[in-house]
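Following: one structure in structure tokens, then a few remarks.
The values are calculated or read from the model by the stated rules, or taken from the named source; none is laboratory data. Treat the numbers as computed from the prediction; the structure is a model and nothing was measured. No Cβ is skipped: glycine too gets one built from the backbone with ideal geometry, and neighbour counts run over all protein chains shown.
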Amino acid sequence: MEKIRIKDTELNVFMKGEGLPVLFVHGFPFDHRLFLPICDRLSEVCQCIVPDLRGFGGSELSDEISVCTMERYAEDLAELLDALGIKREIFLCGLSMGGYIAMEFARKYEDRLARLILCSTRTDPDTEEEKAKRLHLAETVGTTGMGPIADSMIPNLLCAKTREFSPSTVDYVREMIVSQNPKGVAAAARGMAQRKDTTELLKTMKPSLLFISGQEDRITSPERMCKLAKIVPDAGFFTVEDCAHLGPLEFPLIFGDVIRFSVFVHDLLRQDMYTGFPIVFSRNFGLF
Ligand code: MLT
């Protein structure tokens, strides 16, 4: 891990590999560990850059910040690329909240993107009920701590098979959640409650788009993601069987290989993915 100085803070960043930069943006309430299981193989073909967002993992949050908007995280990512001296176009891969941030990054820094990979995410803003839940979490997490949040989230984050057959994945996710700083979690929850609708942005997006979802995802269903993919001409849509919200941990091999394939063909063809219908990867068949 490296500490990289950006304008007003330092980000904790995992980096591995060389070549095309692929910047990974984790969801809520996680950190770079969400993507570690896919980075070993992927780093053979690209440069994996996996920061802890401000207030998560080993990245700090100063006391005066109580709200982190998706725009602010996106600016942090642009500053991180500047600090690393990366001027070429990158792949940006965001999962769930990471997808909200990736869309804001695309709004502001579209020219820096060769491809946007949106995993288990959505583009519509919160309903009033969802906002109220987030604000309640933000107000209470300081006293409850992260344990109850982990317990309530895990059944939706991991599918039944993962929970039954892979206790080590469950422990990994739980440990990652309970280790988060409640202040960072509260700031992100408030920021998500304020996020804008980015659906319209998809229609005019210049970088190519790839959507990946888990078939058992109850937080962002594959049907919902498939609808989004259909908005975008020539977008790719992949869905992984026996997988819920956390594909990089539930099926690292398949999840990583979809991205690897995407990196591999990038220089050969721009529009390399099938369009208009979902491609399902099952437990028994990898991509290669
Ligand atoms: C995430 O995984 O980042 C969350 O499910 C996003 C959200 O709460 O909307």
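In table form, for the structure just shown:
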quantity	calculated
Hits in the stretch 101-122 - residues which are surrounded by 24 or more Cβ atoms within 10 Å (Cβ to Cβ), outside any helix (DSSP H, G or I) and of a type in the set (A, V, I, L, M)	L116, I117, L118
Pair list, Cβ < 9 Å and 6+ apart or interchain, from the stretch 196-223 residues that are under 25 Å from K131 (Cβ atoms) and of a type in the set (A, V, I, L, M) to residues that are more than 16 Å from the ligand (Cβ to nearest atom) and in a loop (DSSP other than H, G, I, E, B)	L202/V232; L202/A235
Selected residue [touching a helix residue (DSSP H, G or I) at 6+ places or on another chain (Cβ under 7 Å), within 16 Å of the ligand (Cβ to nearest atom), without any contact (Cβ under 8 Å) to a residue 60 or more places away in the chain and closer than 22 Å to T123 by Cα] from A74, A78	A74
Those residues of the stretch 225-250 which are in contact with a Cys (Cβ under 9 Å, 6 or more places away or on another chain), more than 16 Å from the ligand (Cβ to nearest atom) and in a loop (DSSP other than H, G, I, E, B), in sequence order	D242
Residue check for E60: in contact with a helix residue (DSSP H, G or I) (Cβ under 9 Å, 6 or more places away or on another chain), at pLDDT below 95 and more than 16 Å from the ligand (Cβ to nearest atom)	yes
Qualifying residue in the stretch 162-174 (condition: within 25 Å of D8 (Cα to Cα) and surrounded by fewer than 16 Cβ atoms within 10 Å (Cβ to Cβ))	no
Of residues in the stretch 97-147 being within 11 Å of the ligand (Cβ to nearest atom) and in contact with a strand residue (DSSP E or B) (Cβ under 7 Å, 6 or more places away or on another chain), the one nearest to K87 (Cα to Cα)	I101
Some residue of the stretch 184-199 being more than 16 Å from the ligand (Cβ to nearest atom) and buried (at least 18 other Cβ atoms within 10 Å of the Cβ)	no
I259 within 30 Å of E60 (Cα to Cα), in contact (Cβ under 8 Å) with a residue 60 or more places away in the chain and within 16 Å of the ligand (Cβ to nearest atom)	no
Test: residue in the stretch 209-224 that is outside any helix (DSSP H, G or I), of a type in the set (A, V, I, L, M, F, W, C) and modelled with pLDDT of 95 or more	yes
Odd one out for A83 among (1) within 13 Å of the ligand (Cβ to nearest atom); (2) surrounded by 15 or more Cβ atoms within 10 Å (Cβ to Cβ)	(1)
